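Derivation of every value follows stated rules applied to the coordinates shown; laboratory data play no part. Just so it is clear, the structure is predicted and the values come from calculations on it, not from any experiment. Glycine gets a Cβ as well: all are built from the backbone with ideal geometry, and neighbour counts include every protein chain shown.
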Amino acid sequence: MSCFCSVQEEFYCEVLLLDETKLTLTTQQQGIKKSTKGSVVLDFVFNHVNLAETDYFGLRYCDCSHQTYWLDATKTLAEHKDLIATGPPYTLYFGVKFYAEDPCKLKEEITRYQFFLQVKQDILQGRLPCPFNICAKLAALAIQSELGDYDPYKHTPGYVSEYRFVPDQKEELEDAIEQIHKTLTGQVPAEAESNYLAVAKTLEMYGVDLHPVFGENQSEFFLGLTPVGVVVYKNKTQVGKYFWPRITKVYFKDTQFELRVMGKDCNETSFIFEAPTKTACKNLWKCCVEHHTFFRMPENDSNMLTRKLSKFSSLSSKHRYSGKTAMQMGRDQSANLPRPDLQVVRTRSKTYPKRITQPTVDSTTPPANEISLPNSQTLGDAHPQGAARTRRLTQPDAGEPKAVKTQRTDSKGEGHVPVATPAVAVSLRIPTKSIVKRETGPVRRTRWWTPGPNGRPCSADRRRKPRTTPIIDDRAIAPDREALTCRPKNSFGNIFKRSWWTPLD
């Protein structure tokens, strides 16, 4: 009986990291059980990644209805019932929980590297929309970090196509990336990643955690939790923004979510939203409380408005964020960061087959199946019986050599067959049977499918080159990570259909 009990206590969990590697946690190796606290699991992951600035990161999991949650460090794994219901095996996803407002100011290189991997993944999976020119610049910096300086001998045309940076990557973007990569000579990986983050932080949707909600008449909105506050989106457009110091109360009941904001005239206004489910509403409230606590300014450094908000600062729940705030992490001198002996180990990105470009065919170049013969050789002597059926090569006129028409005379008196042949200086006798005839069928070519009118190929060659490896489309760049998000793959492009909210009287 004890044997069966020990089998039930066995725990097996896979943690997908940002560099596309996996960390396996088991009862036998790490002693992880269902009764283990979430903080213990987080410590194992942080030690494996060698992180010191740990408060920016967390572990997420997905329930059976594709709703995502952050692992609570104060609870045991068994108390995360939505996680237990999915396994065994259990899957956790490591990632950035709180996006630093200025990631370039992070103290350690390993922390900036993990932010770099997270932002690159957000762009690849469509969560962070990016214009063409900015995307080309960011991808070139990522290539510089991955491959180093451009080398024409190693980086042959099409080398950028072996990597993926956006969901629907085109050849035009790859050419722009290659041109920018040539100008980044001298940047080491750490410098290229820091420059990458400096550009990425200027994007409008950087660090935005989107949650779907409903407003008046069931119109659809999205609430975005950001480093500076809560942003309201409708149809891809920002229609409201409330900074953390002005938010005085966050409340939820069933599916109703309330956001109370202090205006410039020191009057409070309550905004009511409707969440899709009770579980989604509670998760939105919990994430909002944690962001509010992590990013808001402390009272001793705040302005007059923040001091006025102190009497309203209580959030309506027993849940509290227990970690350090962003301000505390910036001022903490006890950690002695950055560590002087820190070595950052970078993992190579996943590669794909190189894009095949169609070469330009030169009409003056002889086909590959034609045979060029030496001038001093006469093959007719080796076959005297075939002298009646010969091909004669005549010498061209003086001047620049030109291709001449060679006439093949058949012994039966049939017509002549003109054949384009390079001009030579001697006359050769070649038996007809020894001539290698060119294939008259169509030449088989491989080219990328180009959409034309009505979705049909715009060329006669309608064969489509199959994609050997699918583009991975989720947060950990893993096939099973698509279930991580409750939003569609092109989340920002398809989900903004929601409308305005109704303020309370």
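Applying 1/(1 + (r/R0)^6) with R0 = 25 Å to the Cβ-Cβ distance of LYS182 and ASP209 gives a FRET efficiency near 0.10. Among the listed pairs LYS34/LYS286; LYS241/LYS264; LYS201/LYS264, those with a Cα-Cα distance over 19 Å are LYS34/LYS286; LYS201/LYS264. Projected onto planes of every orientation and averaged, the convex hull of the alpha-carbon atoms in segment 120-187 covers 4.2 nm². Rounded to the nearest 20 debye, the dipole size of segment 141-275 about its Cα centre is 720 debye, using +1 on the Cβ of Lys and Arg and -1 on the Cβ of Asp and Glu. Which log10 I(q)/I(0) values does segment 11-96 give at q = 0.13, 0.19 Å⁻¹ under the Debye formula, counting every alpha carbon as one identical point scatterer? Results for segment 11-96 at q = 0.13, 0.19 Å⁻¹ read -0.36, -0.81.
Quick one: net charge around GLU204, please, counting Lys, Arg +1 and Asp, Glu -1 for every other residue with C-beta under 12 Å from its C-beta. Here the count lands on +3. Total lysine pairs in segment 103-200 at Cα distances under 27 Å, for residues eight or more apart or on different chains: 14. The dipole here belongs to segment 65-220: it is taken about the Cα centre, uses +1 on the Cβ of Lys and Arg and -1 on the Cβ of Asp and Glu, and is about 340 debye.
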